[in-house]
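The values are calculated or read from the model by the stated rules, or taken from the named source; none is laboratory data. What you are looking at is a predicted structure, and each value in this text was computed from that prediction instead of being measured. As a convention, Cβ positions derive from the backbone with ideal geometry for all residues, glycine included, and neighbour counts pool all protein chains shown.
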Amino acid sequence: MSLIRAPKLWAVIVSLVFLVSASVGMLFLINQHLGDRNSLVVRNLAIDFSQSQTPTTAYVKSIADKNALSYLKITDGGSLNVVSGNDGRDFIGSLLPATSKETYIIEGTNYQAAFIMDPNSYAGLAMGLFILLCVSILAGTYIVALIATRSMQTASTAMRKAVTEKKFDDIDDPKLKEDVQNTFTQISSEMSELKKENEHLKVLVDQDSLTGISNRKKFRYDLSTILGNTEDVSISLLAIIRATELTSINQTRGFARGDQYLQDIARIVAEVVKKFSSTITVGSKKKPEVYRLSGSDFAILVPNANDSIAAQLVKDFKAAFDQYTMERDIESAAYTGVTLIRPGQSEEHVLARADRALSEAQTSSVNSGFIKSDSDDDFLQGESHWAGIIQSIIDHRSILLQQQPIISLSFNARCYNEIFTRFVNEEGQTYPTETVFAMAQRHDMLSKLEQTVIESILLRYNRNNLTNQRWGINLSINALLNTTFVIWLERQMLKHSDICPNIVFEISENILECNVAASIRLFDMLRRVNVKSCICKFGNGLGSFRLYRELKPDYVKLDPSLVDNLERDHTSQIFVRTIIEVSHRLGCTVIAEGVEEYSQKQLLESMYIDAVQGYLVAKPGPLNDGDVGTDPVSSNNNQGVGNDNSDAMF
């Protein structure tokens, strides 16, 4: 650990050790080399002097230069005879052992020779020492780095072991031990938070935001897992549940109540499935799970199921939905289609089979369920089943009419009763209205069905002679897209020209926005035959005013979502006031739809709204032949206004 703490100090120490060692070695080699050269010079001088050559200054200098010697003197019997070089350099030479003066006796003569190194060699010695210094530093740094690396590896291994086993006693350094413990605690806390957040995000990805149950993505994954596990031979159950009243509640009571309705259905389904959890999951790791597939559709996957479980599930669902229908005073709650599935079957087949069972249930009694076997893949039979039901409705005019009055809050506004359509079977049980229209559109029978509905309403009006009452009839998107239907409608109204002023055709704003040109043609036709027009679900945005200017309707119905948020949202209040003011200037009657609270009605009255419609003033009721039509502005139709029955359904 100390090496890791002071690597620079160790690098200096190691470098100095290398430098001193290398310097001593270099000086030893230089002395050795100088001794060799001295011996060579002495030998040459001995040969020269033996030949009786007189040592002159020039001769001695040449010998010194030739052997890279700086100082060379020849003495004879102790007295100076010849000197080459500068004796003043002896001071420098004395500082370095390798350059100290050396004296040799020249054999066979009376002469002696003394030498020192050439001063030029000092520069070479200094360069060599510098190189040695650099090499020493590099070597020391490398060694220290190597030692530090190994020490760090050892420390890392110790810390890894300490973190893994949560034992920090193997760390020698107390401060480092404390730092590691604190860091480990912090990281563990952060990892725990990240794990929780990851689990939360995983739940959100697979969860429906409105109901809190699993969503369609999770359903498709679980279904494919069950069908793809060919090693599992057990039978599972798939159920599709459709909340058929969602569209009606959204239209008449607002989207907030529609959301509450879906949450209630999800809760009921979860409660019914929970009863089976203790009995149908024996031997299985998976439990039944509930999913929301789309706006009004739910699904259930139940492992280890059989025919008796399916029958009991359908029975319990019907009982729960019937109870909910009675408590909330609605026509129906939901229908159930059930089928058994096996691994190896395709997703398309099992889903189509469940949808076929759901279709059978919707054409049976209210809130009923239907079970299809796991081998019934006759899809064409399912399609022809609905086609036959719709054709039977058209042929026998199996239509039940209901009405909901629109109550006027102004003596200048003449209002009307909105007519609702219900379809019944031979036993008098009603079919889900939205499902019937959807299936009629799928089978290209919507135009004929809508014609039958309008004919039935007009015949009922003529038969009751309701000359002092206005009726409102809803039109679908078929009125825009089908030119033949528009021509037929114009002829029908011309045929009943005496009642045209008392008929109001309603069509939703979002449908009109799909094709503005076709919308203009439709409203022009209605004006030609002296029929009133109404844009319902009005007020989705500023584009509403452009549509308003192009179509010039006689009535506009505020979207229920505007009314629902009116007391809480100041922006909605400003928007509604603007609609009312513009409409009054253009002679158009403004109706607030979906009024369920007395406080809403009071606020709307303060804004000078023309009329209100909703469960506060009147619920949809049967349209009997004995009904005596009265103008909704009269006192009879204002009875009960102000009695808050907003809790009748929810």
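The residue that is surrounded by the fewest Cβ atoms within 10 Å (Cβ to Cβ), counting only those in the stretch 345-374 that are in contact with a Leu (Cβ under 9 Å, 6 or more places away or on another chain) and either modelled with pLDDT under 85 or of a type in the set (Ser, Thr, Tyr) (or both), is 346. You will find that of 205, 233, 269, 273, the residue that is modelled with pLDDT under 75 and of a type in the set (Val, Ile, Thr) is 233 and no other. Applying the criterion of being surrounded by fewer than 22 Cβ atoms within 10 Å (Cβ to Cβ), among the acidic types (Asp, Glu) and in contact (Cβ under 8 Å) with a residue 40 or more places away in the chain to the residues of the stretch 415-452, the residue that is nearest to residue 387 (Cα to Cα) is 434. Just one of the listed residues (241, 265, 226) is outside any helix (DSSP H, G or I) and touching a residue at least 24 places away in the same chain (Cβ under 8 Å), namely 241. Only one of (1) crowded, with 18+ Cβ neighbours inside 10 Å; (2) touching a Gly at 6+ places or on another chain (Cβ under 9 Å) is not met by residue 548, so which one is it? The number of the failed condition is (2). Test residue 460 against the criterion of being in contact with a helix residue (DSSP H, G or I) (Cβ under 6 Å, 6 or more places away or on another chain) and either under 16 Å from residue 420 (Cβ atoms) or not assigned by TED's automatic domain parsing to the domain that holds residue 402 (or both), and give yes or no. Against the criterion (in contact with a helix residue (DSSP H, G or I) (Cβ under 6 Å, 6 or more places away or on another chain) and either under 16 Å from residue 420 (Cβ atoms) or not assigned by TED's automatic domain parsing to the domain that holds residue 402 (or both)), residue 460 does not qualify. Search the stretch 477-494 for residues that are of a type in the set (D, E, K, R) and pair each with any residue that is exposed (fewer than 15 other Cβ atoms within 10 Å of the Cβ) and assigned to a helix (DSSP H, G or I) when their beta-carbon atoms are under 8 Å apart and the residues are at least 6 apart or on different chains. So the pair list comes out as 490/528.
A quick yes/no check of all residues on (1) modelled with pLDDT of 90 or more; (2) under 20 Å from residue 614 (Cβ atoms):
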| residue | (1), (2) |
| --- | --- |
| 526 | yes, no |
| 543 | no, no |
| 548 | no, no |
| 551 | yes, no |
| 555 | yes, yes |
| 561 | no, yes |
| 564 | no, yes |
| 568 | no, yes |
| 571 | no, no |
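Within the stretch 317-331, residues that are farther than 21 Å from residue 300 by Cα have Cβ atoms under 9 Å from residues that are among the small types (Gly, Ala, Ser) and assigned to a helix (DSSP H, G or I) in these pairs: 330/248; 331/248, counting only partners at least 6 apart in sequence or on another chain.
So that you can scan it fast, the table gives a plain yes or no per residue for (1) out of contact with any helix residue (DSSP H, G or I) (no Cβ under 8 Å at 6 or more places or on another chain); (2) under 17 Å from residue 411 (Cα atoms); (3) not in a helix (DSSP H, G or I):
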{"residue": "562", "(1), (2), (3)": "no, no, no"}
{"residue": "572", "(1), (2), (3)": "no, no, no"}
{"residue": "577", "(1), (2), (3)": "yes, no, no"}
{"residue": "595", "(1), (2), (3)": "no, no, yes"}
{"residue": "605", "(1), (2), (3)": "yes, yes, no"}
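Taken over the stretch 474-484, residues that are farther than 15 Å from residue 509 by Cα and touching a Leu at 6+ places or on another chain (Cβ under 9 Å) amount to 1. Answer yes or no as to whether residue 580 is free of Cβ contacts under 8 Å to residues at least 12 places away in the same chain, aliphatic (A, V, I, L, M) and farther than 27 Å from residue 495 by Cα. No, not satisfied.
All of (1) assigned to a helix (DSSP H, G or I); (2) touching a strand residue (DSSP E or B) at 6+ places or on another chain (Cβ under 6 Å); (3) touching a residue at least 40 places away in the same chain (Cβ under 8 Å) hold for residue 361 with one exception: (3).
For the stretch 551-576, the set of residues classified as of a type in the set (Lys, Arg) and either surrounded by fewer than 23 Cβ atoms within 10 Å (Cβ to Cβ) or outside the structural domain of residue 500 (by TED's automatic domain parsing) (or both) consists of 552, 568, listed by residue number.
Yes or no: residue 256 at pLDDT below 90, of a type in the set (A, V, I, L, M), within 26 Å of residue 593 (Cβ to Cβ) and surrounded by 12 or more Cβ atoms within 10 Å (Cβ to Cβ)? Yes: the conditions hold for residue 256. Pairs meeting the criteria (first residue in the stretch 453-466 and farther than 16 Å from residue 505 by Cβ, second residue not in a helix (DSSP H, G or I), beta carbons under 6 Å, at least 6 apart or on different chains) are 466/629.
Considering only residues of the stretch 606-641 that are of a type in the set (D, E, K, R) and more than 17 Å from residue 559 (Cα to Cα), which is modelled with the highest pLDDT?
Here the residue is 619.
Based on this model, can you work out whether residue 231 counts as loosely packed, with under 12 Cβ neighbours inside 10 Å and either under 27 Å from the mean Cα position of the chain (by Cα) or not assigned by TED's automatic domain parsing to the domain that holds residue 363 (or both)? No, not satisfied. Selection of the stretch 509-521 for residues being touching a helix residue (DSSP H, G or I) at 6+ places or on another chain (Cβ under 9 Å) and surrounded by fewer than 21 Cβ atoms within 10 Å (Cβ to Cβ) yields 511, 513, 514, 515, 516, 518, 520, 521.
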